[in-house]
Amino acid sequence: MNGRWFALAAAVALLAGVPWFGNAVLIQFGINALLIAVLAQSWNILGGFAGYVSFGNSVFYGLGSYGVAIAMAQWNLPFWVGLIFAATIAVAFAALLGWPILRLRGPYFAIVTLGISAAMSALASNLDIAGKNVGLILPLTRNDTLFYEASLVLLAAATLTVAWIARSRFGMALIAIREDEDAAASVGVNATRFKIAALAMAAFFTAIAGGIHAYWITYIDPAGSFDTTLDVRMVIMTMFGGPGTVLGPVVGALVLSAIYEVLADSISKAAALFFGIVILVAVIFLPRGLVDLGGGFRVLRWRYFLTNIRQYRI
Amino acid sequence: MSDALLDIRGLTAGYGDVPVLTDIALTVGAGEIVALVGSNGAGKTTLLRAVSRIIKASGSLRFLGEDVLPLTPEALFARGLVQVPEGRQLFGRMTVAENLMMGAYRRRDRAGIDASLAQTFDLFPVLAERRAQTAGSLSGGEQQMCAIGRALMAAPKLLMIDEMSLGLAPIVVDRLLDVLVAIRGQGVPILMVEQDVFAALAVADRGYVLEHGRIVKAATAETLKSDPALQKAYLGSDS
């Protein structure tokens, strides 16, 4: 166990040191990768632990971007006040949204979440305070090191929260809901309330990630903020790394971001295709995610992959 | 009958506008095992759902002397009305120990929870052996034990068991029936809903026969067991 903690501390130190030994391209890649890892980790709270697949979490990212942008560009407030404003809006929206839609189960919930981001994008395009179609321009701060370290701190906070969830009564209730929601209700777990709490926690971290991103790129518009491709990416990255685990979404997001970056760099146009192949291979050989590979491979060696295929009847 | 734990009178319930149950009267007293028997579609599960307040009902429903008709399922659970659902409904990828602890989810009394766990392992030694295994890897009989154990972990004042014998070998059912008697011996009365009429009546004190949404017979288990109509209907014998 000590060895694992040491490896983890070394990994965190290495990540924290990137701005001092990396070039500008690596730092910028790092900010994007860390922020998408926050999204994956946030998605993991409801999606991985409670088993509720949301394709609408990008709405919280958009709300976070707009919250910070409106606070800074329209009201001339400092960044940190903007973050508080953004997180408050996103959490309130999650609670309001969750109350009706988290009564739906499984695929019905997933379907309902699909349209939310598009609807919010349309709303932002028509609001004066949100800059309508044009968007908003934030004050410029050229300090990639600061944005990088802020993203890393946010990811650490999200991961520590998930680590707490994984060992708490709250987390046990979420897992019980995932395993059998009727049974969870039969032991007195108020499923709707727990699911709303999980969604609100996801909204909190996702919105702050959106806020940091908005301040970093200094310009936001409706299509870029309420970006539904983010929804697919955070789901894929969590599934790739290991849903319902503490480190899986982080590992999945960082590894997939790196793979995509390398592919886009070397073979540009065909990158999307190869990315698809990587994910296909992962789904077939690693259905429980990348973080399950270490332990499983040590015990079963190459039979690990065969067992996975058999077990999940792919 | 005012000392009954569960006291149902003139209860009507159903889905939408169609009543499935009409004018139900049923009581469970302290220290009793009561069997509710009837064929498929008679309304047994509907009655359990009405009692645990999942579906709408009208009439009189009292638990521990309190009118519980307006309560939510969680509130009723908190008062000690605990159900073992049909089909077990265990948390498949959680361990046996975690499943049992989920039963005590709403409890805060550490010492009481430990005592309940010891009591459960006492009733089902096999659960203690398999406590670190996932519930999904248990046999059907062991899963039913785990489901009953999980319900006991909630410190029930009345245990309602839905179709306990479903899909289990007769020898396993006999073993579980013995456990029900032991649970009653520890002061927890039981309302069991069963298709296997004669298994239920073997351990019950009293029984109710439900047909087409009405109670058609209510008598001691001894009387029901020797009832010719019941024997004909459920055993197919012409004696």
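Filter region B:182-198 down to residues that are surrounded by 16 or more Cβ atoms within 10 Å (Cβ to Cβ) and either modelled with pLDDT of 90 or more or of a type in the set (D, E, K, R) (or both), then give me how many there are.
The total comes to 10.
Residues to consider are A:S186, A:S168; find the one that is within 14 Å of chain B (Cβ to nearest Cβ), in contact with a strand residue (DSSP E or B) (Cβ under 9 Å, 6 or more places away or on another chain) and free of Cβ contacts under 8 Å to residues at least 12 places away in the same chain.
Being within 14 Å of chain B (Cβ to nearest Cβ), in contact with a strand residue (DSSP E or B) (Cβ under 9 Å, 6 or more places away or on another chain) and free of Cβ contacts under 8 Å to residues at least 12 places away in the same chain holds for just one of A:S186, A:S168, which is A:S186.
Every residue in region B:1-43 that is loosely packed, with under 14 Cβ neighbours inside 10 Å, closer than 19 Å to B:A219 by Cβ and either of a type in the set (D, E, K, R) or in contact with a Cys (Cβ under 9 Å, 6 or more places away or on another chain) (or both), please.
Of everything in region B:1-43, just one residue is loosely packed, with under 14 Cβ neighbours inside 10 Å, closer than 19 Å to B:A219 by Cβ and either of a type in the set (D, E, K, R) or in contact with a Cys (Cβ under 9 Å, 6 or more places away or on another chain) (or both), namely B:D23.
Which of the residues spanning region B:93-105 are at pLDDT 90 or above and more than 16 Å from the chain's Cα centre (by Cα)?
Of everything in region B:93-105, those that are at pLDDT 90 or above and more than 16 Å from the chain's Cα centre (by Cα) turn out to be B:M94, B:T95, B:V96, B:A97, B:E98, B:N99, B:L100, B:M101, B:M102, B:A104, B:Y105.
Could you please find all residues in region B:201-239 being hydroxyl-bearing (S, T, Y), under 16 Å from B:S39 (Cβ atoms) and modelled with pLDDT of 90 or more?
Scanning region B:201-239 gives a single hit, B:Y208.
Considering only region A:1-97, give the helices (runs of 4 or more DSSP H) lying wholly within it that have at least 1 residues that are in contact (Cβ under 8 Å) with a residue 12 or more places away in the chain and buried (at least 24 other Cβ atoms within 10 Å of the Cβ).
The helices (runs of 4 or more DSSP H) meeting that bar are A:24-44, A:58-69.
Looking at this structure, is B:E74 open to solvent by 70 Å² or more (accessible area, probe 1.4 Å), under 20 Å from the mean Cα position of the chain (by Cα) and within 14 Å of chain A (Cβ to nearest Cβ)?
no
Would it be correct to say that A:L174 is modelled with pLDDT of 95 or more and within 14 Å of chain B (Cβ to nearest Cβ)?
Yes: the conditions hold for A:L174.
Taking B:V68 as meeting all but one of (1) over 17 Å from the mean Cα position of the chain (by Cα); (2) under 20 Å from B:L191 (Cα atoms); (3) open to solvent by less than 10 Å² (accessible area, probe 1.4 Å); (4) within 10 Å of another protein chain (Cβ to nearest Cβ), write down the number of the exception.
Condition not satisfied by B:V68: (4).
Can you tell me which residue is nearest to the other protein chains (Cβ to nearest Cβ) among those in region B:106-125 that are touching a residue at least 12 places away in the same chain (Cβ under 8 Å) and outside any helix (DSSP H, G or I)?
It comes out as B:R106.
Mind checking which residues of region B:54-65 are away from every other protein chain (no Cβ under 11 Å) and surrounded by fewer than 21 Cβ atoms within 10 Å (Cβ to Cβ)?
The answer is B:I55, B:K56, B:S58, B:G59, B:S60, B:R62, B:L64, B:G65.
Looking at A:V250 and the list (1) outside any helix (DSSP H, G or I); (2) open to solvent by less than 50 Å² (accessible area, probe 1.4 Å), which single condition is not satisfied?
(1)
Of the numbered conditions (1) over 13 Å from A:I36 (Cα atoms); (2) β-branched (V, I, T); (3) open to solvent by 10 Å² or more (accessible area, probe 1.4 Å), A:I220 satisfies every one except a single condition; which is it?
The single condition A:I220 does not satisfy is (3).
Collect the residues in region B:135-147 that are more than 12 Å from chain A (Cβ to nearest Cβ), in contact (Cβ under 8 Å) with a residue 24 or more places away in the chain and surrounded by fewer than 24 Cβ atoms within 10 Å (Cβ to Cβ), keeping them in residue-number order.
B:L138, B:G140, B:G141
Scanning for something touching a Gly at 6+ places or on another chain (Cβ under 9 Å) and under 20 Å from B:V216 (Cα atoms), does region B:59-71 turn up at least one residue?
There is at least one residue in region B:59-71 that is touching a Gly at 6+ places or on another chain (Cβ under 9 Å) and under 20 Å from B:V216 (Cα atoms).
When only residues in region B:149-181 that are among the hydrophobic types (A, V, I, L, M, F, W, C), closer than 15 Å to A:G188 by Cα and assigned to a helix (DSSP H, G or I) count, which is most open to solvent (accessible area, probe 1.4 Å)?
B:L152
Tally the residues that are open to solvent by less than 20 Å² (accessible area, probe 1.4 Å), under 29 Å from B:A30 (Cβ atoms) and at the interface with chain A (Cβ under 9 Å from one of its Cβ atoms), restricting the search to region B:81-98.
Residues flagged as open to solvent by less than 20 Å² (accessible area, probe 1.4 Å), under 29 Å from B:A30 (Cβ atoms) and at the interface with chain A (Cβ under 9 Å from one of its Cβ atoms) within region B:81-98 amount to 3.
The values are calculated or read from the model by the stated rules, or taken from the named source; none is laboratory data. Because the structure is predicted, anything quoted here is derived from the model rather than measured. Positions of Cβ are backbone-derived with ideal geometry, glycine not excepted, and every protein chain shown enters the neighbour counts. Remember, those area values only see protein heavy atoms, side chains included, never the ligands or the DNA or RNA. Shrake-Rupley method; radii C 1.70, N 1.55, O 1.52, S 1.80 Å.
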